[in-house]
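The values are calculated or read from the model by the stated rules, or taken from the named source; none is laboratory data. The shown structure was predicted, so the numbers you read here are calculated from the model rather than taken from an experiment. Neighbour counts are summed over all protein chains in view; Cβ atoms, including those assigned to glycine, are modelled from backbone coordinates with ideal geometry.
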Amino acid sequence: MTRNNYLLVLVHLTFEKYDLSGNKFPDEGFVKAKEFTRDNDIRYGIFGYEWGAVRRFRFEDIDYGYWSVVKTERSDNYIYINKSENSVKFESGIILQIGNLEEAGKFISETRTDYTHSFESKCLYLKEEDIAGTKEWYDNFNLKECYCV
């Protein structure tokens, strides 16, 4: 594993803690896709948003379910689905947080500068208004914070 090659991905979960592809997430620890292919088919992998930087959600209802922050490594099993939407899929990672969107955004915002995680340098250039769930993100898109779950 390469140093400074880790990143955080924001993943939407149902209330039963399944992701879009039907992968069951534990409350904590390691998560791995039940099936994974090295292509852009989101049915085979874990789908999410790199660093939580997303302007609009394609499939997810932000007021329904949970949001998980997963630490993963940029590797051959890390695939961009749509770069303009910042959507990706990956095979596995470590669950660092599960909660509502506000909690996930705050966690990403606060954790991205923690050098003990060996994150890639891209995270240092993110603005608060780019990270879904932060107050600045809600203000930027004129959305009301939900505090659901």
task = Report the residue count in the range 93-125 for those that are among the polar types (S, T, N, Q) and in a helix (DSSP H, G or I).
result = 4
inquiry  = For the structure I just gave you, tell me whether residue 98 is more than 19 Å from residue 123 (Cβ to Cβ), over 13 Å from the mean Cα position of the chain (by Cα) and either at pLDDT 90 or above or of a type in the set (Ser, Thr, Tyr) (or both).
reply    = no
ask   = Does at least one position in the range 74-88 carry a residue that is modelled with pLDDT of 90 or more, under 13 Å from the mean Cα position of the chain (by Cα) and basic (Lys, Arg)?
value = no
task = Tell me, please, whether a residue that is among the β-branched types (Val, Ile, Thr), touching a helix residue (DSSP H, G or I) at 6+ places or on another chain (Cβ under 7 Å) and not in a loop (DSSP other than H, G, I, E, B) can be found in the range 61-73.
result = yes
message = If I go through the range 63-83 residue by residue, how many of them are surrounded by fewer than 16 Cβ atoms within 10 Å (Cβ to Cβ) and either of a type outside the set (Lys, Arg) or closer than 21 Å to residue 111 by Cβ (or both)?
response = 6
ask   = Does the range 29-38 include one or more residues that are buried (at least 21 other Cβ atoms within 10 Å of the Cβ), farther than 16 Å from residue 119 by Cα and touching a strand residue (DSSP E or B) at 6+ places or on another chain (Cβ under 7 Å)?
value = yes
